[in-house]
Amino acid sequence: MARWGMVIDLDKCTACQACVLACKQENNVPCVGPEEAAKGRTITWLKLIPFIEGEFPHVKARFIPRPCMHCDNPPCVKVCPVRATYKNEEGVVGQIYPRCIGCRYCTTACPYTLRYFNWNPPEWTEELKQSLNPDVSIRPKGVVEKCTFCHHRLQKAKEKAELEGRPLKENDYIPACVETCPAEAMYFGDLDNPEHKVWELARSPRAFRLLEEIGTLPKVVYLMESEWQSGKRS
Amino acid sequence: MKRRDFLKFAGGAAAGCALAGGLVRGIKKLAQGDGSRPAPGVERWVNTVCQSCPGGCGIRVRLINGRAVKIDGNPHHPVNRGKLCPKGQAGLQILYNPDRIKNPLLRDGPKGSNKWKNITWPDAIQHVTMKLKDLRDGGLSHTLGFLTGNNRGLLPNLCQRFMHAYGSNNFFVEPKAEDAVNTAVYLTQGVKGSLAYDIENTDYILSFGAGLLEGWGSPVRNMRAYGYLRQGRPGHRVKIVQLEPRLSMTAAKADEWVPLQPDAFATFALGLAYVIISEKHYDQEFIESNTSGFNEWRSYILRNYSLSDVAAKTNVPAETILRIAREFAQNRPSLSIGDSGGGNFSGSVQENLAIYSLNVLVGNIGRKGGVFLQRDLPLPAWHEAELDEIAKIGLTFPAKGRSVSRPYLNPFLNLPEEVLSKRDYPLQALFTYQSNPVYDWPDRQVELAFQKIPFIVSFSSFLDETALQSDIILPEHTYLERWQDAPVPPGIPYMLCGLSQPVVEPLYDTRSAGDVLIEISRALGGTVSSAFSWKDFKEVVSENLKGLFTAQRGYVIGGTAFEETWHNLLEKVGWWAPSYNSAEELWEQMGQRGGWWDPNYPLEDWERLFKTASGKFEFFPQAVKLYIKEGQSIYEREVQGLTEKKGEFYLLPFGLLVLSGRDGANQPFMQEVLGPNVQMEWDSWIEMNPEVARDMGLKDGDWVYVISGDKKEKCRVKLYPGIRPDCVGIPLGLGRKALGRWAKDRGINPLEFVGIRRDPVFESPDFLTKVRIEKA
Amino acid sequence: MIQPLLQTGWKFFLIVGILLCFGLWAIYAWLWQIRHGLGTTGLNQPVYWGIYITNFVFFIGISHAGTLISAILRICHAEWRRSITRAAEVITVLVLFFGAGSIIIDLGRPDRMANVFLHANFRSPLLWDVTSISIYFTASTIYLYLPLIPDIAILRDTIKSRRWFYRILALGWRGTAGQKKVLERCISIMAILVIPIAVSVHTVVSWVFGMTTQPMWHSTIFGPYFVVGAIFSGIAALIIAMALIRWFYHLENYLKPIHFNNLGLLLFVMTLLWFYFTFAEYLTTYYGAEPSHLSVFYSKVHGRYSLPFWTMVITCLIIPFILLCNRKTRTVAGTVVASISVIIGMWLERYTIVVPSLSRPRLPVPFGDYHPTWVEWSITAGLFAMFILLYIVFTKLFPIVSIWEVQEGRKHSLTEVHERVKSYMPED
């Protein structure tokens, strides 16, 4: 059984936010508009989080793209009173929109603040409705939604592989964010499969996870920035 | 319990249950809406080219029953290899934007009143033709102007030809940020054209404020290169040094950020030159064989730019200057990139000359990992258009705004003033195509000038600020609905031609601008009509791309990696084995796979690079000597500094990747991700150093007035430690007066504070501006 | 004693009318919220929970007034309890409605409430809440009802109207010795049962927060801290209720200053206990100085939430302490003022627990700014109004002071206490 995970190389990441928008377009994530945004209700399953340290001129600004961590020990799954959020056998943490009662316990329990609530009914203009993806359902108001690692793509990839009578290959299933990343800073694959690139990268000395100390065991691994060294060249 | 009691009780209970049931049902009804799923259908992918910016990325569009639902990168396209930036991802918000112009509009009120009458295409074309005919008949053909925002590709050529055949020299291209460096290269090397940078093969990048990761050049190409330079080759990491007053995204991602004073770029660059010269790190062989005037320049530098002087002037420690200069010279090939793009309006010719000369010092012109000149596509030359008498007379009138003493200057710079002053002759009519100077050119006379021009025709797909000033709008298709060639994107050294094709049926009653222009020429008849032998713009594209076949080189993109290498290898040894046997086959394959390219380009092609009289790079160009006065320096830009007045700052209008290109503010996706460094959405902000803000009694999120001359606007302060204390930054791209529901009246436009000054030597525009900040 | 049940003046209708208006307005606000979604509230990301959850914790806390206090007093044979137990127990039963109701109001999809039973996840502390609150509600209803039976029988026999109603509820009570014995036994069993249930309820409520890893929620003392807070606010609510009853129905003879004095002393003890827990909690956070916790800590001490925080300290500690430590101010008026102060303070305490932790998440996502909207304030006001209304209606249907228990006290307790006190003494 695969254990899907993502590796994001912060040394390559250019903080361009292509992943953020690819995710929004792929997953029919609504734009809430300026008034709601001012109230802090923008929905971005994958968000670029700034870490800015130091004082001028010794400032270091780091930007971390934050999808759902798909924790192996997810705090959100435990607390959901109606089992509307779950971790499947391949490690993907999902959300059952028609079952969610909107109590927002999972959103408060998630230490990464990455679960989003539909405060209002999602809206698109008639024109923009045409660009909605038929593979992903539109969430009603009052439920929680989150990054699914583009799970619908896995289902399609599996169906396709089955049709072609072959096992799933490494790049058959890639979430929209990873697919678009211009600097090729994002990797996706089976963390338990030594043939996959992510297996190797997750074991890199540069690897770290967000809020590791909480013990959520995230399946999104980051690679630290490295340094230029004068004269070092192979 | 009595029977009566029981009945009462039971009745009450039943009523209670019914009420509760009704309540639950009522709540359900009120709460409304379980999730739904958009209608499924047949899936199809079409390759085309993104035109959200000039980056030229190949895209593939996912269609479900003819609806476009996703844009992704074309995996075979050499610029982006399947990758795409946020602007590309948001392309569907251009196509399906509810504020598109849906049919031709005729002004129905005073200019700029935004009152329009819907008209049909035949009426619209007749209206324009009548006007143009009248002008020609009155011998005023020279009073027609054409303004385009972009001079790459076939459509601008078509427009230019139209103007020529009609009989007017007034073809304008809106100034671009890279004009300054192009001018510098034109003066020193004698060549006109755009620079290309071999970023992928370089070993050290010194960027003087170039927004490498924020819209400069071809964005996805730069970001791919960035990833490659960082981790693409194990053990080989390229250093990127960003010199600019603000910790931009590029600076944040660079290895080193030097917060250089905004007017000290030239001085700093020449300080580096001082170190390189005095320590003899320069490329002696290159200098000797390919430059002239070096000795003179060397003594000029050694005399005026000693390390201690430069350190004192720029406030950068001497050790830093020394170290960077040594690193730059010793890690070759190294690139010194000027401030030419990303929407930053601060580059002057002097600065760019100084910055560019560093490349010359280390011999990085025309070499691997260095600076090149972009190559034109091998397209067929068009036959000379036949001119009638009216056109011939019209063409004797010089273009408006053209400077006699400084012929390299863009005539548009002087256009607004000339229109207003009515010198020579007034412009009677103007076409605008993909250009919005009323908003994005920091000259407040533009709007006034446009109000003076009696008849303006706009091809805009959106009601932007310039379209608002026009008399008639002939709305263009968006790029997902039209045929177009996608020529070599900026900054790329190899030849490439993408093919943009309609992926969806046009949503509205819009037309391709090329088609409309051809139709107008037909209606005008005579020699204007006969200048255009093509049926429509698609034919213009297909006929011209035949040149790629006859050139007998390059190949269609989209083979496997092996095929690509094989083709490459063959071509290098002089063979050519294309996948197509005719121009028609080439056309078909370009449509399927997205384009054609020729990855090979010659190195050390000196004849092409140096076309001065001496055939060399001229440190002190002959051309300039004609008009520079004694004691004037063509390199130095005066470091002024602030007058120490409290509340006065340099204004840094900075570019955001998501709002680079033409528009963006009208796409809600962009509005949601504007400023991750200060966590701003849907509004402008002014970045200020926290310590300065504290001295002024300002907290994060407070409102301030930004004041420059008589201009005063309110804006929200965001404290950002990554900005110099003597600078404030405002993002470009917001503060729109038009452009639809998501863009209009949101934030402020920093360009409204910018005043254009002309430098005394080159008379090129200088945008550095000071503003005052007051607590609101 | 049964006078309030027989006579109803214009004042009563006026009050009921006003309260009803509040209630109807709240219902309107709620329907508005259901129609337009929780977007009508001031909630956002990351402040996902606001004053609805504050109300939930607060109401559940108040519910401890009754059952727990009355049960403890009963078990301890505190004779002065006799005239106040009923008033206390009613608070419990009624307020639980509003506690549980607050959760339902807070739901994004109240129409899917049934999923809590259809897809119950017993790993979720919210489900522990559902379970323990239902049990608590059942137990305290029984516990309220049992001592009511003899009084209902009195009403059945004396009042002419609504006789069928009292007849059904009286369950054929005749006051025989056998019936009395069974009743007494049932009451004492319930009194013992209800205590652990009550403690569990508020512990579980605290675990809704404590079980997450959020800064300043993830605390082991949250269980007892919440229980103490609950009893604290419960007593305060009881004092206020008693004062109102006493004033409104002229029951000065039954609810004497000594009752207020005794409850005041209890409140004083709880003030100190509450302060002890609060101090321990905040000192631990401050001293441990874990950045994410400290960020929440400072937002309370001198940040965005300093106003509610310091108001809480004044109203929960300083005012009650000053008023209650001195016998001279431990009067009816004094204890009532202290109680009102505590009620306000404890609501703010719940607020400063719920909101600041959420507004300072561990990752630097935009910090939330929470301003409750008219919908939230209307519903909150409505909940309080409806609670008072139901309380008043109860006093119109049943005697708010237990008639038979007071009578029994008059008859038997003197000798009983005499016997008991004697049993404490060394034998002669």
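Some notes on this structure:
- Placing R0 at 25 angstrom, the Cβ-Cβ distance between A:Ser204 and B:Arg233 gives a FRET efficiency of 0.95 after rounding to 0.05.
- Take the Cα radius of gyration of segment A:11-93 and divide it by 2.2 N^0.38 Å, N being the number of residues; the result is 1.39.
- Taking all Cα pairs closer than 8 Å and separated by 6 or more residues, the relative contact order of chain B comes to 17 percent.
- Taking the number of Cβ atoms within 10 Å of each Cβ as an exposure proxy, the fewest-first ranking of C:His293, B:His281 is B:His281, C:His293.
- Counting only Cα atoms, the size of segment B:621-776 along its three principal axes is 52, 37, 28 Å, in decreasing order.
- Nearest 10 degrees, 0 to 90: helix C:85-106 Cα axis against chain C principal axis: 30 degrees
- For segment B:601-645, the set of trypsin sites (Lys or Arg not before Pro) satisfying both a DSSP loop assignment and a count of at most 10 other C-beta atoms within 10 Å is given as B:Lys629, B:Lys645.
- Projected-area average for segment B:321-453 over all orientations - Cα convex hull basis, square nanometres: 12.7 nm²
- A cut-off of 5 Å between modelled amide H atoms, ignoring neighbours fewer than 5 places along the same chain, links A:Ile138 with B:Ser36, B:Arg37.
- Separation between Cα centres of segment C:291-328 and segment B:541-589, rounded to whole Å: 77 Å
- Ordering of C:276-288, B:324-336 by packing [mean C-beta count within 10 Å, highest first]: B:324-336, C:276-288
- Look at the stretch B:231-244: the mean tally of other chain Cβ atoms within 10 Å of its residues' Cβ atoms is 3.
- Helix C:149-158 axis versus longest C-alpha principal axis of chain C: approximately 60°, rounded to the nearest ten.
- More than 23 Å apart - percent of Cα-Cα pairs taken over segment A:133-234: 44 percent
- Peptide A:74-80 is shielded by partner chain Cβ atoms: per residue, an average of 4 of them sit within 10 Å of its Cβ.
- Theoretical FRET efficiency, 1/(1+(r/R0)^6), r = Cβ-Cβ of B:Leu626 and B:Asp376, R0 35 Å, to 0.05: 0.75
- Of A:Lys219/B:Lys718; B:Lys83/B:Lys239; A:Lys47/B:Lys699; B:Lys253/B:Lys368, pairs whose Cα-Cα distance is over 31 Å: A:Lys219/B:Lys718
- Ordered by the count of other Cβ atoms within 10 Å of each Cβ, fewest first, B:Phe669, B:Phe620, C:Phe122 give C:Phe122, B:Phe620, B:Phe669.
- The packing ranking of peptides A:180-191, B:211-222, B:303-314, highest mean first, is B:211-222, A:180-191, B:303-314, where packing means the average number of other beta carbon atoms within 10 angstrom of each residue.
- Table column - 3J(HN,Hα) (Hz), segment B:559-572, Karplus curve with 6.51, -1.76, 1.60, x for Gly and Pro: x, 6, 4, 5, 4, 4, 4, 4, 4, 4, 5, 4, 5, 5
- Centre separation in Å (Cα based) which lies between segment B:457-495 and segment B:680-696: 35 Å
- Bins of 5 Å from zero: percent of alpha-carbon pairs in segment A:58-172: 2, 10, 16, 18, 17, 14, 12, 7, 3, 1, 0, 0
- Cα-based shape type of segment C:83-215, given that a ≥ b ≥ c are square roots of the gyration tensor eigenvalues and the cut on a/c is 1.5: prolate
- Simple spin-label estimate for B:Ser299 and B:Val191 in nanometres, 7 Å along Cα-Cβ: 3.1 nm
- Cα centroid of segment C:79-97 to Cα centroid of segment B:193-213, whole Å: 79 Å
- Entry for chain C at q = 0.06, 0.13 Å⁻¹: log10 I(q)/I(0) = -0.27, -1.21, Debye formula applied to identical alpha-carbon scatterers, no solvent contribution.
- Cα pair distances of segment B:222-303 binned at 10 Å [whole percent]: 15, 31, 31, 22, 1
- Taking all pairs of distinct alpha-carbon atoms in segment B:114-188, Kirkwood radius in angstrom: 14.9 Å
- Counts of other chain beta carbons within 10 angstrom of each beta carbon in peptide C:355-365 average 4.
- For chain B, share of DSSP beta bridges that run antiparallel, in % to the nearest 5: 55 percent
- Spin-label pair C:Ala120-C:Trp32: with each label point 7 Å from Cα along the Cα-Cβ axis, the two points sit 3.7 nm from one another.
- Exposed loop positions in chain C were taken to be trypsin sites (Lys or Arg not before Pro) whose DSSP state is not H, G, I, E or B and which have at most 15 other beta-carbon atoms within 10 angstrom. Between these positions, the longest stretch is C:175-326.
- If the segment from A:Asp172 to A:Lys197 were pulled out straight at 0.36 nm per residue, it would be longer than the present Cα-Cα gap by 7.6 nm.
- Tail beyond 17 Å, pair distance distribution of segment B:395-472 (Cα, percent): 46 percent
- Distance-filtered residues of segment B:185-228 - backbone nitrogen under 16 Å, label point 7 angstrom along B:Ala613 Cα→Cβ: B:187-191
- Segment B:65-192: proportion of alpha-carbon pairs further apart than 18 angstrom, %: 76 percent
- Working note: Debye formula, equal point scatterers on the alpha-carbon atoms of segment A:161-221, no solvent; log10 I(q)/I(0) at q = 0.13, 0.20, 0.23, 0.30 Å⁻¹ is -0.44, -0.90, -1.07, -1.28.
- Highest mean packing first, where packing is the average number of other Cβ atoms within 10 Å per residue, the peptides B:272-280, B:496-504 line up as B:496-504, B:272-280.
- Gyration tensor verdict on segment B:671-723 (Cα atoms; rounded if a/c is under 1.5, prolate if a/b is larger than b/c, oblate otherwise): oblate
- With Cα atoms as the point set, segment B:116-262 shows a radius of gyration and Dmax of 22.8, 71 Å.
- Nearest 10 degrees, 0 to 90: helix C:291-301 Cα axis against chain C principal axis: 60 degrees
- R0 of 22 Å, Cβ-Cβ distance B:Gln284-B:Leu603: FRET efficiency to nearest 0.05: 0.70
- Diffusion coefficient (Stokes-Einstein, Kirkwood radius over C-alpha pairs, 37 °C, 0.692 mPa s) for the protein assembly as shown: 90 µm²/s, rounded to a whole number.
- Ellipsoid equivalent to segment C:84-152 - semi-axes via the Cα gyration tensor, in Å: 29, 13, 10
- Cross-link reach is defined here as a Cα-Cα straight distance under 18 Å, omitting same-chain residues fewer than 8 places apart; for B:Lys616 the lysines meeting it are B:Lys192, B:Lys625.
- For chain B, a Kirkwood radius taken over Cα pairs fed into Stokes-Einstein (4 °C, viscosity 1.567 mPa s) yields D = 46 µm²/s.
- Å³ per residue enclosed by the Cα convex hull of segment B:432-562: 169 Å³
- Bridging of A:Lys39 to aspartates and glutamates at a Cα separation below 14 Å is possible for B:Glu672, B:Glu681, B:Asp683, C:Asp369, once same-chain residues fewer than 8 apart are set aside.
- Segment B:593-682: translational diffusion in µm²/s, Stokes-Einstein, Kirkwood Rh over Cα pairs, 25 °C, 0.890 mPa s: 123 µm²/s
- Only alpha carbons enter this Debye calculation for segment C:114-188, each as an equal point scatterer, and the log10 of I(q)/I(0) it gives at q = 0.23, 0.28 Å⁻¹ is -0.98, -1.23.
- Taking 0.36 nm per residue of sequence separation and removing the Cα-Cα distance, the B:Glu638/B:Ala312 pair yields an extension gain of 116.0 nm.
- What the phi angles of segment B:706-722 give under the Karplus curve with 6.51, -1.76 and 1.60, with θ = phi - 60°, is a coupling list of 9, 10, 8, x, 8, 8, 9, 9, 8, 8, 8, 7, 10, 7, 9, x, x Hz, glycine and proline written as x.
- Normalised radius of gyration (Cα atoms, divided by 2.2 N^0.38 Å) for segment C:289-428: 1.64.
Bear in mind these aren't lab numbers, they're just calculated from the coordinates by the rules spelled out. Fair warning: this is a prediction, and the values are worked out from it, not measured in the lab. As a convention, Cβ positions derive from the backbone with ideal geometry for all residues, glycine included, and neighbour counts pool all protein chains shown.
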